[in-house]
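Notes for the one structure printed next.
The values are calculated or read from the model by the stated rules, or taken from the named source; none is laboratory data. Quantities reported herein were computed from a predicted structural model and do not represent experimental measurements. Cβ placement follows ideal geometry from the backbone for every residue including glycine, while neighbour counts extend to all protein chains displayed. SASA here: full protein model, heavy atoms, side chains in, ligands and nucleic acids out. Shrake-Rupley method; radii C 1.70, N 1.55, O 1.52, S 1.80 Å.
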Amino acid sequence: MSDALEVLNPATEELVALVPAATRDEVDEAVVRAAAAQRGWAAAAPADRARLLRRFAAVVNGHIEELARLEVQEAGHTIGNARWEAGNVRDLLEFAAGGVERLSGRQIPVPGGLDITFLEPLGVIGVIAPWNFPMPIAAWGLAPALAAGNAVILKPAETTPLTALRLAELALEAGIPEYLFQVLPGRGPVTGNALVEHPGVAKIVFTGSTPVGKQIMAKCADRVKRVTLELGGKSPNIVFADADLDAAAAAAPMAFLDNTGQDCCARTRILVQRPVYDRFLDLLAPGIEAVRVGDPSEEKTQMGPLISRTQLDRVRSYVPDGAEAIRGTAPDGPGFWFPPTVLTGCDPTAPVATEEVFGPVAVVLPFEDEEEAVRLANATEYGLSGSLWTRDVGRAIRVSRAVAAGNLSVNSHSSVRYWTPFGGYKQSGLGRELGPDALTAFTETKNVFISTED
Ligand code: NAD
């Protein structure tokens, strides 16, 4: 029997589906079909492409609840989050559709002629998505790539192929041409790697772990294949003594517990200025203890299970027995449960304080002054996101500029909006997604000079 992916419900460990894994030959066939579909798509009138993408958005909008329920089943996301995620796919498609007719080149003054640039599609794009936000991250690549005139082959993560497969069906229902958007579930080293190595794939958009991202980048280098990488994070949440401490403490739990901490932007290093350190912990503890952890399909649940047994074992390995910590609760019995955990009195160089745990675990560390806060914030190979809490506008700007990260927020924890750029400094990634330039990332600039000499 051919290789099949086991999709488990992370809240119950029950088998949800068995999904055939695509082979290297199937990738080859998909690339040929995608290339043919892309030529027709790129030649279509921009208004027609925009209209079809809007229709795709409308069909997704009509299936928000179904997609969200599927996400709860295969990824254990809370139903509220899952609805937001499905809505985000719709929003990304609408936003990208608005760019199709605005994707224009430039006219640059030159002597002796006319110089114009064209933004041409790249061809076939391989999107390799992770399991932590299966729908939004797939759409971050899918929507702008299609809008810019490309075809897309999406390889979802092994554990979460179902929403991706459903999105491909909805695309067809909306009238998106056959084979323009294909989903190939499969294993990273087989299906994902086949896309990376395929000469017919012009660009890889990868979101996942830093080690796999590095391997993919090295392989893309062989062909100078375009690559965008969204990798890990270990983001700081810096609380200065002059901050609105109640607001900072109230916001801190969900800033690292949302999606059970399986979020590359999770604020897992809480840095608190020494004079308010004890008070902040007193305010934080009830918030952690009160987080409602349980059945993700229930409306009131704030935090569900981890994605898999592997992830549960990994998260456990970071938290020593008897560690000094503030802990929340988690259900017993089947499911991949781990309670909200904030480690206090932790060595700032310990693995839990420097590595991406990707679970509901944060550390809290004291600092003396602004200089030390910035030094601690930057003492990581990552540079994805971060937050700072202060009432001093000058400090907010100084620290925002000094922290080496792609997405910072002041007096809030917001990182990701589809219309603002997103991406990492240092080993958190390469390139930017979303935002006003999202479509341009899926084009090649061609410069043409036309002589006006007689
Ligand atoms: P991963 O990097 O192995 O998987 C991400 C995607 O890459 C999946 O679709 C996977 O099938 C694919 N992949 C794996 N190996 C590949 C290869 N050799 N070639 C091509 N594609 C390949 O991540 P994981 O093992 O699922 O998670 C491990 C850790 O990665 C997590 O604990 C977390 O720290 C990190 N992670 C980060 C993000 C993020 O959003 N930055 C997402 C998922 C995981």
* Extreme residue, nearest to M135 (Cα to Cα), among residues of segment 38-71 that are of a type outside the set (A, V, I, L, M), under 25 Å from the mean Cα position of the chain (by Cα) and assigned to a helix (DSSP H, G or I) -> E71
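Which residue out of E71, E85, E66 is outside the structural domain of E298 (by TED's automatic domain parsing), open to solvent by 10 Å² or more (accessible area, probe 1.4 Å) and either farther than 19 Å from L142 by Cβ or acidic (D, E) (or both)? Break it down stepwise before answering.
Working: E71 fails: open to solvent by 10 Å² or more (accessible area, probe 1.4 Å); E85 fails: open to solvent by 10 Å² or more (accessible area, probe 1.4 Å).
Sole residue among the options that is outside the structural domain of E298 (by TED's automatic domain parsing), open to solvent by 10 Å² or more (accessible area, probe 1.4 Å) and either farther than 19 Å from L142 by Cβ or acidic (D, E) (or both): E66.
Hey, does segment 369-376 have a residue that's out of contact with any His (no Cβ under 9 Å at 6 or more places or on another chain), assigned to a loop (DSSP other than H, G, I, E, B) and buried (at least 23 other Cβ atoms within 10 Å of the Cβ)? Lay out the reasoning, then the answer.
First pass over segment 369-376, keeping only residues out of contact with any His (no Cβ under 9 Å at 6 or more places or on another chain): 369-376.
Going one step further and asking which of them are assigned to a loop (DSSP other than H, G, I, E, B), we end up with 369.
From what is left, the residues that are buried (at least 23 other Cβ atoms within 10 Å of the Cβ) are none.
No; the residues of segment 369-376 include none that is out of contact with any His (no Cβ under 9 Å at 6 or more places or on another chain), assigned to a loop (DSSP other than H, G, I, E, B) and buried (at least 23 other Cβ atoms within 10 Å of the Cβ).
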* Asked: For D222, are the conditions met, namely being more than 8 Å from the ligand (Cβ to nearest atom), farther than 23 Å from L154 by Cα and open to solvent by 60 Å² or more (accessible area, probe 1.4 Å)?
  -> no
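For segment 169-191, what are the residues that are away from the ligand (no atom under 16 Å from the Cβ) and either open to solvent by 30 Å² or more (accessible area, probe 1.4 Å) or assigned to a helix (DSSP H, G or I) (or both)? Spell out the reasoning first.
Keep residues of segment 169-191 that are away from the ligand (no atom under 16 Å from the Cβ), which gives 169-181.
The answer is E169, L170, A171, L172, E173, A174, G175, P177, E178, Y179.
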* **Where G386 falls short, out of the listed (1) in a loop (DSSP other than H, G, I, E, B); (2) within 16 Å of the ligand (Cβ to nearest atom)** => (1)
* Starting from segment 426-448, take each residue that is without any contact (Cβ under 8 Å) to a residue 60 or more places away in the chain and list its partners that are outside any helix (DSSP H, G or I) and basic (K, R), counting only C-beta distances under 9 angstrom and pairs at least six apart or across chains. => G435/R417
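With L229, L245 as the choices, which residue is in contact with a Ser or Thr (Cβ under 9 Å, 6 or more places away or on another chain) and aliphatic (A, V, I, L, M)? Spell out how you get there, then give the answer.
Working: L245 fails: in contact with a Ser or Thr (Cβ under 9 Å, 6 or more places away or on another chain).
Of L229, L245, the one residue that is in contact with a Ser or Thr (Cβ under 9 Å, 6 or more places away or on another chain) and aliphatic (A, V, I, L, M) is L229.
Please work out if D347 is of a type in the set (D, E), open to solvent by 30 Å² or more (accessible area, probe 1.4 Å) and in contact with a Pro (Cβ under 9 Å, 6 or more places away or on another chain). Spell out how you get there, then give the answer.
Values: of a type in the set (D, E): yes; open to solvent by 30 Å² or more (accessible area, probe 1.4 Å): yes; in contact with a Pro (Cβ under 9 Å, 6 or more places away or on another chain): no.
It is false that D347 is of a type in the set (D, E), open to solvent by 30 Å² or more (accessible area, probe 1.4 Å) and in contact with a Pro (Cβ under 9 Å, 6 or more places away or on another chain).
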